[in-house]
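Read the structure below first, then the notes.
The values are calculated or read from the model by the stated rules, or taken from the named source; none is laboratory data. Here the structure is a predicted model, which is why all the values come from computation and not from measurement. As a convention, Cβ positions derive from the backbone with ideal geometry for all residues, glycine included, and neighbour counts pool all protein chains shown. Heavy atoms of the whole protein, side chains included, go into the accessibility calculation; ligands, DNA and RNA do not. Shrake-Rupley method; radii C 1.70, N 1.55, O 1.52, S 1.80 Å.
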Amino acid sequence: MYQKNKLKDIALLFFKLGSIAFGGPAAHIAMMEDEVVKKRKWMTQEHFLDLVGATNLIPGPNSTEMTMHCGYERAGWKGLFVAGFCFIFPAVIITSIFAWLYQQYGQLPKVEPFVYGIKPAVIAIIIAAAYRLGKKAVKNMELAILGVLALLACLFGINEIIVLFGSGFLGLILYLFKKNSTNINGLVPFLFFQAGNFLKIGAFKIFFTFLKVGAILYGSGYVLFAFLDTELVANGWLTRQALIDAVAIGQITPGPILSTATFIGWQMNGITGAIAATLGIFLPSFLFVLLLNPLLPKMRKSKVMGMILDTVNVAAVALIIAVCLEMGKDTLTDWRTTVIATASLVIVFVFKKLNSAFIVLGGAVMGYLLILI
């Protein structure tokens, strides 16, 4: 009965997050930290940071994999699958509705007024999470310097994967310099799926194409569109306009941006294509997390891996800050969005126990009302 209650808690939490988590991976992780660490205390801040750092080092959508890690920590492998499914499900359903409307009418519904105020509010949530995580990640002056270097590298446009692995390498060098040791443990290598080109375009071809992308996709979900441009548009299976509209769907729907695979699959082969694309893009993440999570405690106990995790964690916080700054440049473009962001920031830091869902909903309402002025 206790296990069932745990699974129910996991299902309700991540279904809620999947329904209201706008703003991309940094925002999703900020909301998760607020829910599972600050409010529910399912794990310590340090362990949550380890999960964030490790998730950044494996392929797949970071925020979706973090839900799976949180589910695993709470209720084992069953919790992993429940958390992942419940986080993905709302976005897939919403995206499927948009995909059907797009197929029927050839254009997207006008929903901009309803999402205008969400991103400024989300920026406040990210800043609060980065502040809390940063306090735990920066354990000494060396890590602080590495964090600043990682942030500068991100702001100068260096690829986030290079920043993360580079930080881990610097952590290793720092450890060897201190301990003069050469005992290094490796990370688990990731799988590479290659679909054959002999399949006709259909459900199996769509499944294997998205499986391959899901298995090698690093970093932000936005990288997905570059992959799909090469895989689908270049081969004439999808129009570039449909891909651009898929990007728009990712912006206006909550949950993981990779749920746009559902939209793209629907345009390629109806509901069958949507199911195939969705299964293909997310399946590798479930497998990677299932393999990685049990190894994390052993990695933390190893002094050399512990040092690498510390530096990667600091770099992960730097990435969150960099994303927040970029979002700010793109989002805070007029007095209305600035007012929403400022009000949300004050609320986040003053009313620390307030659920982040209310911040998102409040931002949406403020945005809609201010547009009317």
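At 0.36 nm per residue, minus the direct Cα-Cα distance, what do Ile371 and Lys303 gain on full extension? Give it in nm, one decimal, please.
Result: 19.1 nm gained on full extension.
With each run of n ≥ 4 DSSP H residues scored as -39500 (n - 2.57), what mean residue ellipticity at 222 nm is computed for the chain after dividing by its residue count and rounding to the nearest 500 deg cm²/dmol?
-25000 deg cm²/dmol
For the pair Thr333 and Asp229, what calculated FRET efficiency results from E = 1/(1 + (r/R0)^6), where r is the Cβ-Cβ distance and R0 = 22 Å, to the nearest 0.05?
With R0 = 22 Å, the Cβ-Cβ based efficiency is 0.25.
Rounded, prolate or oblate, given the Cα gyration tensor of the stretch 293-373, with a/c below 1.5 counting as rounded?
prolate
Can you tell me the length gained on complete extension of the stretch Gln241 to Asn159, counting 0.36 nm per residue apart and subtracting the Cα distance?
26.9 nm
Please list log₁₀ I(q)/I(0) at q = 0.15, 0.27 Å⁻¹ for the stretch 239-315, using the Debye equation with identical point scatterers on the alpha-carbon positions.
For the stretch 239-315 at q = 0.15, 0.27 Å⁻¹, log10 I(q)/I(0) is -0.69, -1.18.
Average the reciprocal distances over every distinct pair of alpha-carbons in the chain, invert the result, and give the Kirkwood radius in Å.
Kirkwood hydrodynamic radius for the chain: 21.2 Å.
Show me, for the stretch 292-297, the HN-Hα J-couplings you get by feeding each phi into the Karplus relation (A = 6.51, B = -1.76, C = 1.60, θ = phi - 60°), rounded to Hz, glycine and proline as x.
7, 4, x, 7, 4, x
Could you state the accessible area per residue of the chain in Å², with a 1.4 Å probe and every protein chain left in place?
46
With the crude spin-label approximation of a point 7 Å out along Cα→Cβ, what separation in nm comes out for Leu290 versus Leu361?
3.6
Under the 0.36 nm per residue contour assumption, what length would be gained going from the current alpha-carbon distance of Lys353 and Gln3 to full extension?
Difference between extended and current length: 123.3 nm.
Over the stretch 1-63, calculate the relative contact order: mean separation of alpha carbon pairs under 8 Å at least 6 apart, over the residue count, as a percent.
25
Give the relative contact order (percent, whole number) for the chain; include only Cα pairs under 8 Å separated by 6+ residues. Write down the numbers at each step before the final one.
On the way: 583 pairs, mean separation 117.7, N = 373.
Computed value for the chain: 32 percent relative contact order.
Among rounded, prolate and oblate, which fits the stretch 1-41 when a ≥ b ≥ c are the square roots of the eigenvalues of its C-alpha gyration tensor, a/c under 1.5 means rounded, and a/b larger than b/c means prolate?
Oblate, since a/c reaches 1.5 and b/c is not below a/b.
I'd like the distance separating the alpha-carbon centroids of the stretch 13-63 and the stretch 309-366, in whole Å.
15
Determine the share of the chain's accessible area contributed by carbon and sulfur atoms, expressed in whole percent, with a 1.4 angstrom probe.
That fraction is 68 percent.
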